[in-house]
1. Using only the Cα atoms of chain A, what semi-axes does the equivalent ellipsoid have when each is the square root of 5 times a gyration tensor eigenvalue? Give whole Å, largest first.
2. Rank B:Asn127, B:Asn265, B:Asn45 by mean-square fluctuation in a GNM of chain B with C-alpha springs under 10 angstrom and give only the top-ranked residue.
3. Find the centroid of the Cα atoms in the range A:27-94 and in the range B:109-156, then give the distance between the two in whole Å.
4. Work out the count of Lys pairs in the protein assembly as shown where the Cα-Cα distance is under 26 Å, with the pair 8 or more places apart or on different chains.
5. What are the extents of the Cα atoms of the protein assembly as shown along their three principal axes, in Å, largest first?
6. Tell me the total accessible area that A and B bury against each other, 1.4 angstrom probe, in square angstrom rounded to 100.
7. Just round it to a whole percent: the fraction of Cα-Cα distances in chain B exceeding 26 Å.
8. Expressed as a whole percentage, what fraction of the accessible surface of chain B belongs to carbon and sulfur atoms when a 1.4 Å probe is rolled over the protein heavy atoms?
Amino acid sequence: MATSEAVIGGGLSSAERARKARGLRLFWYAMWARAYPRIVGALRERSWMFFETLLPVLAVAGYVFIYRAIGAPAEYTGFAVLGGAMTAFWLNVLWSMASQLYWDKDGGNLELYVLSPAPLMSVLLGMAVGGLLMTATRAVTILVVCSLAFGVTYTVTSPLLLIAVFLVTMAALYGMGMLFASIFLVAGREAWHLSNLLQEPIYLASGFYFPVRALGFWAATAASIIPLTLGMDAMRQLIFASGPALGFLSVRVELLILLVLAVVFIATASVVLARLEVIGRREGRIIERRR
Amino acid sequence: MSSVAKKAAPMTVAQRLLDTPLARRSDGLRSFAVAAWLGWQIESNWADPFLFAVYSIARPIASALILVVMYSVITNGAFQEPIFPYIYLGNALYILVGSIIVGVSWAIIDDREHYRVAKHLYTAPINGYSYLFGRGLARLIIGAISVIITIVFGVIAFKLPITFASVDWGLLAISTALGIASLAGLGILVGAWTMTMARHFWSVGEAVSAGMYLFSGAIFPLDVLPAWLRWIGFLFPATYWLELSRRALLGPAAAGFETFSALSNGALLAILAAFTVVLLTGSWFFYRWALSNAKDKGLLDMESAY
């Protein structure tokens with residue numbers, strides 16, 4: 001409890017926080033308050049790690065063995081492993097960002113968010129920050145386990161560029177998640193099915209298990225609206241020896257596009273959230289529970 | 001009014017079944033029919049038929065296309081090689097395995113956590129074992145539609161060597177009946193296990209399904225697995241059902257791999273039949289134990305929001 005107060009309020013008492021937290025300060029506190037259960041939950045409930053890494057590891061193993069069955073070059077094993085690790089982020093965005101406000105509505109938390117003085121955007125950003133940190137541990141575990149199990153070797157050509165690509169990809173991806181969450185705010189049971197629907201088709205379109213340029217220029221260009229498409233392509237170019245030869249666009253161009261996507265998604269999420277909150281209030285959808 | 005009438009149509013079918021003399025005397029059959037109708041409503045009534053059809057088709061086709069692109073990138077589109085139909089058909093048929101196993105497990109979770117009706121169900125005069133079979137049936141129907149669409153898509157788009165005349169329909173029918181029955185038994189086992197869990201129940205069905213996907217030779221021959229892992233595949237009925245289905249659908253064009261080359265169709269059917277008997281019998285006893293265990297621990301109607 002003491003830790004939570006330190007994180008959320010910098011050691012201030014509840015009364016002081018309530019009096020002083022306004023504007024950006026309130027936004028900042030609310031964001032960390034929403035991120036807090038996700039960050040702490042990842043450490044407190046370690047048994048989650050077993051299932052949340054086991055399933056992607058099994059999926060990656062399946063794709064690795066397919067590549068072996070058809071005699072693929074060794075680097076394709078690494079492509080599949082990286083894709084498998086990145087599925088953790090995509091699933092987190094779908095189920096813990098996009099669908100989250102639907103869950104919150106179902107559990108009765110959404111109305112509390114709306115009743116509180118905190119801006120909903122800070123709640124969304126907190127979900128993103130917490131989700132990103134929570135999922136990063138899982139993705140790293142999948143990457144390490146699969147790399148060791150299948151003997152993947154990496155050739156990192158530019159560590160700084162790799163970090164930049166990863167961070168910008170995550171900003172764009174979670175910005176997209178915030179946008180989805182805003183849209184799902186007015187959804188009922190469809191939210192669940194839409195999240196289900198956005199799994200395999202996105203794995204295909206974004207080239208989770210193969211170089212995306214195999215889809216052809218126009219299909220890969222269309223799929224670039226999903227930040228992981230270009231993010232994974234750039235990362236593959238930066239960590240595998242044969243990556244540049246199989247890349248879709250140059251890493252710098254992909255990084256630039258990802259930057260634009262990040263700004264556009266976060267700004268649009270803010271506008272759409274405000275608009276849909278009004279609609280949700282007017283149509284009574286914030287407190288309705290449709291199962 | 002018309003949409004209500006349309007939605008009630010499947011219940012009319014179930015109602016006719018319920019009105020038969022046999023069903024009137026059988027708790028099990030009544031529970032099964034009503035559960036199947038309920039399952040279908042839950043799975044399908046969240047969207048209009050067009051959106052539901054898109055939803056039902058998009059995932060399996062996308063899943064198949066991932067494998068097609070992977071295969072194509074490496075082999076430059078050599079779809080005529082025997083390994084391609086092996087991979088494609090295995091992946092398509094496996095949809096049924098996932099649907100049944102995950103479906104029954106999710107029926108427990110839906111009733112207990114999502115719709116919160118478990119307490120009402122288990123205080124009503126139903127046969128819980130038949131009820132779970134019925135809930136699984138709805139997923140089975142949706143899965144079967146996806147399998148057929150995926151295979152037809154493969155025949156048209158990738159020229160899978162399957163023709164009406166070349167299919168061994170008898171072998172396909174018998175192996176599919178045994179395969180579905182054995183998987184239903186396995187589904188009940190997993191569902192009953194879910195009933196006894198307070199945490200991590202979300203992932204049990206998917207974990208078992210994903211494990212079988214890897215070890216049953218669905219998407220690559222078991223020979224590709226390291227020898228020390230290969231034996232795991234022999235423990236699953238899906239392994240034998242997939243092999244039999246491939247032989248029935250592809251006939252002589254089916255790729256023969258070392259693992260099963262020594263086993264005739266008859267031998268594979270006998271093994272699958274043995275699995276079916278063991279799993280159906282075992283699932284009945286395990287379900288009764290799990291129900292009792294869940295009652296003891298107060299898990300039957302638990303709402304954890306976990």
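The values are calculated or read from the model by the stated rules, or taken from the named source; none is laboratory data. Note that the coordinates shown come from a computational prediction; the quantities given were computed from them, not determined experimentally. Positions of Cβ are generated from backbone atoms using ideal geometry, with glycine treated the same way; all protein chains shown enter the neighbour counts. Accessible surface is based on the protein model in full, side chains and every heavy atom, while ligands, DNA and RNA are left aside. Shrake-Rupley method; radii C 1.70, N 1.55, O 1.52, S 1.80 Å.
1. Its equivalent ellipsoid spans semi-axes of 35, 21, 19 Å.
2. B:Asn45
3. For the range A:27-94 versus the range B:109-156, the Cα centre distance is 28 Å.
4. Pairs that pass both the separation and distance tests number 4.
5. 77, 62, 47 Å, listed from the longest principal axis down.
6. Values: alone 14100 and 15010 Å², together 25430 Å².
For chain A against chain B, roughly 3700 Å² becomes buried.
7. When every Cα pair of chain B is considered, 49 percent fall beyond 26 Å.
8. After summing per-atom areas, the C and S share lands at 69 percent.
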